1. Quick one: dipole size for the chain, taken about the Cα centre, charges +1 on Lys/Arg Cβ and -1 on Asp/Glu Cβ, in debye to the nearest 20.
2. In whole Å, how far is the Cα centre of the range 92-136 from that of the range 18-55?
3. Can you give the relative contact order of the chain as a percent, counting alpha carbon pairs under 8 Å and 6+ residues apart?
4. Please order GLU149, GLU2, GLU126, GLU26 by the number of other Cβ within 10 Å, starting at the fewest.
5. If you bin the C-alpha pair distances of the chain every 10 Å from 0, what whole percents do you get?
6. Antiparallel DSSP bridges in the chain: what percent, to the nearest 5?
7. When PHE5, PHE64 are ordered from fewest to most other Cβ atoms inside 10 Å of their Cβ, what list results?
8. Using the Cβ atoms and a cut-off under 13 Å, what net charge is assigned to the surroundings of SER84, where Lys and Arg are +1 and Asp and Glu are -1?
Amino acid sequence: MERTFIMIKPDGVNRGLVGEIIRRFEHKGFKLVGMKMMSVPRELAEKHYDALRERSFFPGLIEFITSAPVIAMVWEGENIVTFSRKLIGVTDPGTADPGTIRGDYGMTMGRNLIHGSDAIETAQREIHLWFNEEDLVDWHAVNHPWLYE
Ligand code: IDP
Ligand code: MG
């Protein structure tokens, strides 16, 4: 089963949207296999966003991600990498569709509430960056046969 890395960013935590965001993933049918609240060390933030190092907004992005706690999570489900990006919405909340997390709750690019891995390889990299294997829980959800044929 596919896994992805999801992070509720400092704005989502400060705005009290943790429950609402987790609710959307749970109600879709995805399974939570790892979760921790943490302050993000600068080095980890920079590694996570390594591909964006040369972008003008990079310093502000690192300031933002390290400014207050985040909720780091690993979720599991069929096709979850692609589908969680749909649940989240496009990067700019100003143009994200209503019904998506960013479209419903966000206003600007630099305060877009949530991160989701953009590809299967990225998900694997990010899961290993943020979690130790022993902190991920292999468990059987009893609703499984009611979600998958
Ligand atoms: P994504 O989060 O939708 O995958 P990326 O292009 O990977 O978007 O960018 C990572 C994060 O960097 C975004 O979620 C957003 O927080 C921030 N970001 C991207 N572009 C801008 C920008 O133009 N201004 C400010 N922040 C940006
Ligand atoms: Mg991205």
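1. Values: 17 positive and 22 negative charges, 94 e Å.
For the chain, the charge dipole is close to 440 debye.
2. 6 Å
3. Values: 228 pairs, mean separation 51.8, N = 149.
So the answer I get is 35 percent.
4. Numbers: GLU149 3, GLU2 16, GLU126 23, GLU26 13.
The fewest-first ordering by Cβ neighbours comes to GLU149, GLU26, GLU2, GLU126.
5. 11, 42, 38, 8, 1
6. Details: 17 of 18 bridges.
About 95 percent, rounded to the nearest 5.
7. Values: PHE5 25, PHE64 16.
Exposure proxy ranking, most exposed first: PHE64, PHE5.
8. Numbers: positive: ARG3, ARG24, LYS28, LYS31, ARG85, LYS86, ARG102; negative: GLU2, GLU26, GLU76, GLU78, ASP118, GLU126.
My count for the surroundings of SER84 gives +1.
Readers should treat all values here as calculations from the given coordinates under stated rules, not as data from a laboratory. As the structure is a computational prediction, the values presented were derived from the model and not from experiment. Neighbour counts are summed over all protein chains in view; Cβ atoms, including those assigned to glycine, are modelled from backbone coordinates with ideal geometry.
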